[in-house]
Amino acid sequence: MTLNESLELLESPILSTQAPLIEVQNLKKYFPVKDGFFNTKIGDVKAVDGVSFTVNHGETLGIVGESGCGKSTLARCLIRLDEPNEGQVRFDGDDWLALSSNALREKRADMQMIFQNPYASLNPRLKVGQAIGEPLEIFKRASGQALRNEVLMLLDMVGLSASVIDRYPSELSGGQRQRVCIARALALRPKLIIADEAVSALDVSVQAQVLNLMDDLKKELGLTYVFIAHNLSVVQHFCDRVAVMYLGKFMEVGATDTIFERPQHPYTQALLDAMPIADPQLAKQQRAGRHPLVGELPSPMNPPSGCRFHTRCPECFAPCALEEPALLAVAGNDAHVSACHLSRIEREEGIMS
Ligand code: SF4
């Protein structure tokens, strides 16, 4: 499909609806842990433990959380680099997890991934032109001069000059390499791009350039992103909605403004309290009221009972260790959900008064 055809398709009523592009229900991914001479299974690392969400066409969902919370495993399960143990994924009308390997190979053109490390995700033996053109050749979308023209157009789209087409990745800067990765991800005109810490390995100034590029491409091509990051400032700038993940589960999900201005879950509040403030005066004023996270992330092999965050939560009270809080709407707003007993009590008190 050419760029013009893609743009025409974006204007069609099919893509102007707000039906979710991807719907995820109760997704789980456990990794068995084995030990001893007989390699006996002694437990499971519950990397993703019952996650549900939707992403609409043209939307960017940010997934944030500490390292080890399961966000990258979730990304790999979505694109089926890892097979989930349980759950359902509906992508663009297909039962995504039920697709055979042949069907998946075809459909994967619609879902592409950008990885964290632009140094490791490009084959050092392939020139830039070959790396970007490879998916087009594999999917038999173009060959010969048409392939070269398509690669040149993709290079232009990501702001790289035509002269890099015959260079090797080792001859490019980190920012240029990530642009090549983006061009490669765009080559098949995907509907969804999963960006897993796509700018984390880049310098701050290059991060801004790449994020602006991704934002421009989103508007231009109507892309949908699942954007995984641990840098909250980046997520605030780039995402329409945010899901906060802790030990394999979502703790809070809502519109970006709501999450950053009125966080409900103590974990979200702790993450926001840990965000650096550029103005030293402001930082001094605000430090007293902040409660950044303390302690280590518990083992996902043996997560705490009840609320998984209770071992680190400054608001922890009696029921927290006993009963797992459900992800429920905050203040009657179905678009903002939080998994905390405090939110539930506040909501019940609100109903009583
Ligand atoms: Fe804290 Fe309890 Fe809420 Fe969990 S349920 S976040 S421990 S107050």
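The values are calculated or read from the model by the stated rules, or taken from the named source; none is laboratory data. Worth saying up front: this structure is predicted, and the values here are computed from it rather than measured. No Cβ is skipped: glycine too gets one built from the backbone with ideal geometry, and neighbour counts run over all protein chains shown. The protein model used for the area step is the full one, side chains on, heavy atoms only, and it has no ligands, DNA or RNA in it. Shrake-Rupley method; radii C 1.70, N 1.55, O 1.52, S 1.80 Å.
Report, by residue number, each residue of the stretch 337-353 that is more than 12 Å from the ligand (Cβ to nearest atom), modelled with pLDDT under 95 and either open to solvent by less than 60 Å² (accessible area, probe 1.4 Å) or touching a helix residue (DSSP H, G or I) at 6+ places or on another chain (Cβ under 8 Å) (or both).
In the first step, residues of the stretch 337-353 are kept if they are more than 12 Å from the ligand (Cβ to nearest atom); the result is 337, 347-353.
Right, trim to modelled with pLDDT under 95 and you get 347-353.
Listed by number, the list holds a single entry, Gly350.
Taking into account only those residues within the stretch 72-95 that are small (Gly, Ala, Ser) and under 15 Å from the mean Cα position of the chain (by Cα), which is surrounded by the fewest Cβ atoms within 10 Å (Cβ to Cβ)? Looking at residues that are small (Gly, Ala, Ser) and under 15 Å from the mean Cα position of the chain (by Cα), I get Ser72.
A count restricted to the stretch 197-219 and to residues that are in contact (Cβ under 8 Å) with a residue 60 or more places away in the chain and open to solvent by 20 Å² or more (accessible area, probe 1.4 Å) stands at 3. Looking at the stretch 220-239 only, could you name the residues that are open to solvent by 30 Å² or more (accessible area, probe 1.4 Å) and closer than 25 Å to Pro84 by Cβ? Matches in the stretch 220-239: His230 only.
For the stretch 40-71, which positions are hydroxyl-bearing (Ser, Thr, Tyr), at pLDDT 95 or above and open to solvent by 10 Å² or more (accessible area, probe 1.4 Å)? Full working, then the answer.
We begin by selecting, within the stretch 40-71, every residue hydroxyl-bearing (Ser, Thr, Tyr); these are 40, 52, 54, 60, 67.
Keeping just the survivors that are at pLDDT 95 or above gives 52, 54, 60.
Those that are hydroxyl-bearing (Ser, Thr, Tyr), at pLDDT 95 or above and open to solvent by 10 Å² or more (accessible area, probe 1.4 Å): Ser52, Thr54.
The residue of the stretch 315-336 that is farthest from the ligand (Cβ to nearest atom), among those that are open to solvent by 70 Å² or more (accessible area, probe 1.4 Å) and under 19 Å from Pro298 (Cβ atoms), is Leu322. Restricting Phe227, Phe250, Phe309 to those that are part of a strand (DSSP E or B) and within 16 Å of the ligand (Cβ to nearest atom) reduces the list to Phe250.
Going residue by residue through the stretch 274-291, is there one that turns out to be under 20 Å from the mean Cα position of the chain (by Cα) and modelled with pLDDT under 95?
So the first thing to find is which residues in the stretch 274-291 are under 20 Å from the mean Cα position of the chain (by Cα), and the list is 275.
Those left that are additionally modelled with pLDDT under 95: 275.
Yes: the stretch 274-291 contains one or more residues that are under 20 Å from the mean Cα position of the chain (by Cα) and modelled with pLDDT under 95.
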